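Below: one structure, written as structure tokens.
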Amino acid sequence: DYELWAGATESVDPHAFDDTISGDVRALIDHETRLVIGRTKAGTLTLRVDSHGLWGSIEINENDSDAMNLWYRVQRGDVDQCSFGFDILEERTDWSDDGNTVHWTLMRVKLYEVSCVTFPAYEDTSISARKSEFDAESNRRQTDALVDKMKRRLHHYGTQAIDSRD
């Protein structure tokens, strides 16, 4: 639950994102639109809904100093939470019997962005920097590049050998 003001709280239904994660969503740093570090349309941001709610993974661009600086801050634990930018499409309102408190549950939202943030609205969020996955992806890309290079060499030498026999 997130306290909006005294007597008013809000929460997000775990399935509020079900219809929106297939859209074009950006991953940002602190909701700054100039600091895009991933995007679903580009395949660098992956989102899914699990038993806790919204889950995401960002493929970090090693050549982006903003992304790498954030990654190191997350790895150190300086930044460890997240947030999201959305519009409410459907919500449920629950008033207490005495009418003094109200709770809104966001049932369906239109998601625009997810952010790694310093100060989240929802304290129960978390992010982590997974070096092993980062290293594995980097190693996979290096291996793929080496394999492609070797294939080109083999193709080149194979073509020369065929040409020399003619």
When region 37-54 is examined, which residues are found to be hydrophobic (A, V, I, L, M, F, W, C) and exposed (fewer than 14 other Cβ atoms within 10 Å of the Cβ)?
-> Ala42
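Okay, residues lined up against (1) charged (D, E, K, R); (2) out of contact with any strand residue (DSSP E or B) (no Cβ under 8 Å at 6 or more places or on another chain); (3) modelled with pLDDT of 95 or more:
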site	(1), (2), (3)
Asp94	yes, no, yes
Met107	no, no, yes
Tyr112	no, no, yes
Tyr122	no, no, no
Thr125	no, no, no
Ser132	no, yes, no
Ala136	no, yes, no
His155	no, yes, no
Quick one: would you say Arg34 is surrounded by fewer than 17 Cβ atoms within 10 Å (Cβ to Cβ), closer than 23 Å to Ser128 by Cα, out of contact with any Leu (no Cβ under 9 Å at 6 or more places or on another chain) and of a type in the set (D, E, K, R)?
-> no
Taking region 90-121 as the region of interest, how many residues are of a type outside the set (D, E, K, R), surrounded by fewer than 17 Cβ atoms within 10 Å (Cβ to Cβ) and over 17 Å from Val12 (Cα atoms)?
-> 6
Exactly one of (1) under 11 Å from the mean Cα position of the chain (by Cα); (2) in contact (Cβ under 8 Å) with a residue 60 or more places away in the chain; (3) at positive phi is unmet by Arg26. Its number?
-> (3)
Tell me, please, whether a residue that is touching a helix residue (DSSP H, G or I) at 6+ places or on another chain (Cβ under 8 Å) and not in a loop (DSSP other than H, G, I, E, B) can be found in region 87-110.
-> no
Condition met for Asn61 (touching a helix residue (DSSP H, G or I) at 6+ places or on another chain (Cβ under 8 Å), at pLDDT 90 or above and within 19 Å of Ile127 (Cα to Cα)) | yes
Number of positions in region 42-56 that are touching a Gly at 6+ places or on another chain (Cβ under 9 Å) and without any contact (Cβ under 8 Å) to a residue 40 or more places away in the chain | 3
For region 110-131, name all the residues that are under 15 Å from Leu70 (Cβ atoms) and of a type in the set (Asp, Glu).
-> Glu113
When only residues in region 58-84 that are closer than 20 Å to Thr118 by Cα and free of Cβ contacts under 8 Å to residues at least 24 places away in the same chain count, which is surrounded by the most Cβ atoms within 10 Å (Cβ to Cβ)?
-> Arg73
Is there a residue in region 70-83 that is more than 16 Å from Ser128 (Cα to Cα) and not basic (Lys, Arg)?
-> no
For Val25, indicate whether it is open to solvent by less than 40 Å² (accessible area, probe 1.4 Å) and not charged (D, E, K, R).
-> yes
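The values are calculated or read from the model by the stated rules, or taken from the named source; none is laboratory data. Fair warning: this is a prediction, and the values are worked out from it, not measured in the lab. As a convention, Cβ positions derive from the backbone with ideal geometry for all residues, glycine included, and neighbour counts pool all protein chains shown. Heads up: the accessible areas ignore ligands, DNA and RNA and are worked out on the full protein's heavy atoms, side chains in. Shrake-Rupley method; radii C 1.70, N 1.55, O 1.52, S 1.80 Å.
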